[in-house]
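Beneath this line is the structure, given in C-alpha cells, with notes to follow.
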C-alpha cells in the first residue's frame, strides 16, 4: 500500500512531484494504530477484562481503550480510502525525505555509539559530523564547537549537578 | 480577604534571594527554549525536570514555571522577526507581527506583543489567585465519579474544541491511555503489555514521550522545511517602548476579549494555540480596521498574544486545583509535582499552602521579570537565531538525548525517544494532535483509578456517572463538548434555514 507517486501524478500547478502520497501514509499510520488497539484488547483479555470478586480486573479499563482506539483507527482508514479530501497530495517528496533521513540516521548512530564510547565523545563526533555534512563548515570552526559543547555538558552534569551520564573509555582514562 | 493574606505569605516565600535567582534563570532558559526550533515549553521543562529532583519543590516549580513564561514570551520574538513561529501558539502572531517588522516597525510589534502577553498573563494570574481557592474548596467534595467526570470533560473538550479531526484526536488520546497502562498495574499487581520484557515493567515515561514527540519530531520537520532564517533586525529603545505603550490603551477591548478567550480555553483544555487563533479571528471581525488585518495591524498582534499568554497561564488553574493540566507544559509540571512527592488536587491548597501560594506569587513576579528581560534583551535572542541550523540542530538533539537519559538513567529511554520522534513527525504531518496524547499519558493512571473506584462504588453500574446532580451535570457538559462541532452546525443550520449537507461530519 505504500505506493510511490510517480510521474503520472502531477500536482495542481503542473509540476511533477516525487514522493509518498499522503493517502498511503495516512492509511499506514491508521493501520498501525489499529494493530496497537488489537494488541491492547488481546492483552487486556489475557489479564482479565471483566469483574473479579474484589472489583474490576487489570484489563478492565485498557480493554475499552483498545476498543475505542480500533474504532477511531477504522474511521481514519475509512476517511483515508474513501472520503477525505486532504489526503490527495504528496506526504513527503523524496528529496525532503532524504533530508529527514540525513538527520535521523546519524541520530540513530549517535544513540548506538553512546552505548560504547559514552555520551560525551559520541556528542562531539555527532556535532562535528553534522556540521561537516550539513553546514560544510571549515575544520577551524567544527573542532572548537564540537569539543566545547561536550566539555560544558561534562562540567554541568558530572561536576556541578552530579548527574552521571553514560561514559566510555575516555572518561575512565581521566578518572571518571 | 483570606486569599490576599495567603498571597502575601506566598510573596514572602517567592521573594528570597535564591528563588529570585531561579526565577531569572528560568526566564532566560525559557526565552532561549522559546526561540530555538525543536525546543519548546513542554520538552524544555521535561528535559530540565530531572535536574530539579534535588531542589526544594517550591524553588523547582518556580524555576520550571518561569521557563514556561519565558517560552511564552520567546515564541513572539521568532514570529515577528523571522516569520517562524517558535511555538505553535505564536503562529497567529506572525500574521501581523512580521509585516509590521518588515515595514520597519519591529520594535513596536515586539513591544506590543510582550506587553499584551504580560497583560494577558497578569489578568489570568489574578483570576487564578481568587478562583483557584474556590475551585479547590468546591472540589474537596468530589468523589471518584466526579473526578472521572472532570477528566472525561477534559478529554471530550479536546475532541470537540480541537482543530484536528475527531477520529485523530480520539486515536491520539487512546494511544496515550494505552501507553500509560503499560507496566505494573499497582492495584492488582498484574503485568500489562510488557510481553515478558523487564524494561517495560516501568512503563512508558511521559517525559520521554514529550522529549521525543516535541523535540526530535520538531527537528525532523524543521529539517524538511530546509532552513534559511531570514530575519529582520530589531532594536528596542525606551522611546519606542514608550510610544507603543501610549497607543496600547486604545485597544483595551481587544486585549480584554483576548484575555477572556485565553482564560476560558486555558481552563477547559483547549490550550493556547486555538485560543490565539480564535482571538485573532474575533478581533478581525470586530475591529474597525478588520479588513487591514494581515498587513501589519498592531491589533493583530495584541489579540493572539493576550489570548495565548492568558491560556498558558490559566492552564495551571485546573492543574493545581483538580490535578488536571490544561496544556502539555502544565502536564509536565504536574508530572514534576508527582515526582517531588506532592499530590496535585484540592488538598494541595490545604496541605501545601507555602508551595501553592509561593507558586502563585512567583507567577506575578515571573511575568514582571520576564517582561523586563525580553524588552531589554531582544537583539541577543535574534542573534541566536542567526546561528546556522546545522550547528543548532545537533546540539538540540544531544540535549534531548541527555534529557531523556537523565529521567531514569536508562539508555533504552533514549532509543524510545527516537521512536517517539518518528511518531511525532508522522503525527504532526498528518494533523494528529499531540497534546491529548501527552495529557492522556500523564493522566492515564489517575483516570483509570478514578474510573475503577467509581465502578467499585457502583458495582459495575455505569449509571453512577449520572447518579447525582453534580456528576451528572459535569458528564452532560462533557457530552456537549464532545459533540460541540455537531451542535454548532445544527444551530447554524437552524438559524440559516437552508442546509448544505456536504461538509457535515459523520459522528459516532
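Partner shielding of B:396-406 amounts to 6, given as the average count of beta-carbon atoms from other chains within 10 Å of each residue beta-carbon. The modelled label-to-label distance for the pair residue B:353/residue B:15, using points 7 Å beyond Cα in the direction of Cβ, is 1.8 nm.
The radius of gyration of the Cα set in the range B:410-464, together with its Dmax, comes out at 16.7, 46 angstrom.
Taking other C-beta atoms within 10 angstrom as a stand-in for reagent exposure, A:73, B:449, A:83 fall in the order A:83, B:449, A:73, fewest first. Expressed in Å, the radius of gyration and Dmax of the Cα atoms of the range B:54-114 are 14.4, 49.
For the range A:97-173, the calculated P(r), taken from all Cα-Cα distances in 5 Å bins from zero up to the bin holding the longest distance, is 3, 15, 22, 23, 19, 11, 5, 1, 0 percent. Averaging Cα coordinates gives a centre for the range B:365-394 and one for the range B:234-252; these two points are 20 Å apart.
Calculated mean residue ellipticity at 222 nm for the protein assembly as shown: -22500 deg cm²/dmol, from DSSP H runs with n ≥ 4 weighted as -39500 (n - 2.57), summed, divided by the residue count and rounded to 500.
Taking a ≥ b ≥ c as the square roots of the eigenvalues of the Cα gyration tensor, the range B:134-267 is oblate, since a/c reaches 1.5 or more and a/b is not larger than b/c.
The Rg/Rh ratio for the protein assembly as shown is 0.95, where Rg is the radius of gyration of the alpha carbons and Rh is the Kirkwood radius. Other protein chain C-beta atoms within 10 Å of residue C-beta, averaged over B:181-187: 4. Using equal-weight Cα scatterers in the Debye expression, the normalised intensity of chain A in log10 at q = 0.17, 0.19 Å⁻¹ is -0.97, -1.08. Expressed as a whole number of Å, what is the distance separating the alpha-carbon centroids of the range B:57-110 and the range A:61-112? Using only Cα atoms to place each centre, the spacing works out to 30 Å. Here the extension length gained between residue B:184 and residue B:289 equals 31.9 nm, from 0.36 nm per residue of separation less the Cα-Cα distance.
Descending by average beta-carbon neighbour count within 10 Å, the peptides B:213-222, B:15-24, B:319-328 line up as B:319-328, B:213-222, B:15-24, the highest first. Expressed per residue, the C-alpha convex hull volume of the range B:1-126 stands at 107 Å³. Taken along the Cα-to-beta-carbon direction at a fixed 7 Å, the label points for residue B:243 and residue A:98 span 4.9 nm.
If each residue's Cβ is checked for other Cβ atoms within 10 Å, how do B:373, B:298 rank with the fewest at the top?
Going from least to most buried by this count: B:373, B:298.
Considering all projection directions equally, how large on average is the shadow of the alpha-carbon convex hull of the range B:40-196, in square nanometres? With every direction weighted equally, the projected area is 13.8 nm². Applying 1/(1 + (r/R0)^6) with r as the Cβ-Cβ distance of residue A:162 and residue B:494 and R0 = 60 angstrom yields a FRET efficiency of 0.40. Applying D = kT/(6 pi eta Rh) to the range B:224-346, where Rh is the Kirkwood radius over alpha-carbon pairs, T corresponds to 10 °C and eta to 1.306 mPa s, the Stokes-Einstein value obtained is 97 µm²/s. Cβ crowding within 10 Å, taken as a proxy for footprinting-reagent exposure, orders B:362, B:458, B:450, B:276 from fewest neighbours to most as B:458, B:450, B:362, B:276. Applying 0.36 nm per residue to the separation of residue B:137 and residue B:235 and subtracting their alpha-carbon distance, the gain on full extension is 30.5 nm. Gaussian network model of chain A, Cα springs within a sub-10 Å range: biggest mean-square fluctuation belongs to which of A:43, A:54, A:86? Greatest mean-square fluctuation among the candidates belongs to A:54.
Here r is the Cβ-Cβ distance between residue A:148 and residue B:53 and R0 is 35 Å; the resulting FRET efficiency, rounded to 0.05, is 0.80. Partner shielding of B:376-389 amounts to 1, given as the average count of beta-carbon atoms from other chains within 10 Å of each residue beta-carbon.
Here the range B:382-451 was treated as a single set of alpha-carbon atoms; its pair distances binned every 10 Å from 0 give 17, 31, 37, 11, 3, 0 percent. Work out the P(r) tail for chain B: percent of alpha carbon pairs separated by more than 42 Å, whole number. Looking at chain B, the distances longer than 42 Å represent 14 percent of pairs. Distance between the 7 Å Cα→Cβ label points at residue A:105 and residue B:387: 2.7 nm.
Rule-based calculations on the coordinates, nothing more; no lab input. What you see is a predicted model, and the numbers here were worked out from it, not measured in a lab. As a convention, Cβ positions derive from the backbone with ideal geometry for all residues, glycine included, and neighbour counts pool all protein chains shown.
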